[in-house]
Amino acid sequence: MRVIPLRLDPGTDLKQALQSTVRRERLSAAWVMSCVGSLRQITLRLADIHTALDEYEIISAAGTLSATGMHVHLAVADPSGTILGGHLLGGCVVSPNGTVEVVLGADDDWRFTRSSHPETGWDELTIERTSA
């Protein structure tokens, strides 16, 4: 297993940074181990897409990442402590007043891809072992 730590600076888009890291590190199967920090803007998919501009603290993030896509959920707290969560979309931007710290785990013995699932209709995780 590999561990890939990241510090994202103000103005960085969280999803784009994760995608760039997957490409740069050539990750075939990765997951979010830890994610904390502050965001100035959030864009999350709930039943609909929710975009908001305020100061948010990341409470939790979890999900899988690969060269063919990612499925990450993000939970944030607004300034009053109200929690909001959903699917991470582009547009979650690091606050000018802070950073975001992410730790990814990866294992080259596996390959994660996303392919259309016949029952859900969504691109779902497909898992393949690359070594015996």
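Do you know which residues across segment 69-126 are polar (S, T, N, Q), in contact with a Gly (Cβ under 9 Å, 6 or more places away or on another chain) and closer than 21 Å to Ile49 by Cα?
We begin by selecting, within segment 69-126, every residue polar (S, T, N, Q); these are 80, 82, 95, 97, 99, 113, 115-116, 120, 126.
Now drop any that are not in contact with a Gly (Cβ under 9 Å, 6 or more places away or on another chain), which leaves 95, 99, 113.
Of everything in segment 69-126, just one residue is polar (S, T, N, Q), in contact with a Gly (Cβ under 9 Å, 6 or more places away or on another chain) and closer than 21 Å to Ile49 by Cα, namely Ser95.
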Margin query: So, in segment 116-132, exactly how many residues are at pLDDT below 95, exposed (fewer than 11 other Cβ atoms within 10 Å of the Cβ) and either of a type in the set (S, T, N, Q) or outside any loop (DSSP other than H, G, I, E, B) (or both)?
Written below: 3
Margin query: Being within 27 Å of Pro10 (Cβ to Cβ), β-branched (Val, Ile, Thr) and more than 16 Å from the chain's Cα centre (by Cα) is true for just one of Thr120, Thr82, Thr43. Which residue is that?
Written below: Thr82
Next item on the list: Can you run down the residue pairs with Cβ atoms below 8 Å, 6 or more apart or on separate chains, where the first is in segment 90-103 and within 11 Å of Ala17 (Cα to Cα) and touching a residue at least 40 places away in the same chain (Cβ under 8 Å) and the partner is in a loop (DSSP other than H, G, I, E, B) and hydroxyl-bearing (Ser, Thr, Tyr)?
Entry: Val93/Thr12; Val94/Thr12; Val100/Thr12
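For segment 35-65, how many residues meet the condition of being touching a residue at least 40 places away in the same chain (Cβ under 8 Å) and loosely packed, with under 15 Cβ neighbours inside 10 Å? I'd like the intermediate steps shown before the answer.
Residues of segment 35-65 touching a residue at least 40 places away in the same chain (Cβ under 8 Å): 35-46, 49, 51, 55, 58, 61, 64-65.
Still in the running and loosely packed, with under 15 Cβ neighbours inside 10 Å: 45-46, 49, 51.
Number of matching residues: 4.
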Next item on the list: Output the residues belonging to segment 67-99 that are assigned to a strand (DSSP E or B), under 24 Å from Leu125 (Cβ atoms) and touching a Ser or Thr at 6+ places or on another chain (Cβ under 7 Å).
Entry: Met70, His71, Ala75
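The values are calculated or read from the model by the stated rules, or taken from the named source; none is laboratory data. This is a predicted model, so every value here is computed, not measured. Cβ coordinates were reconstructed from backbone atoms using ideal geometry, including for glycine residues, and neighbour counts include every protein chain displayed.
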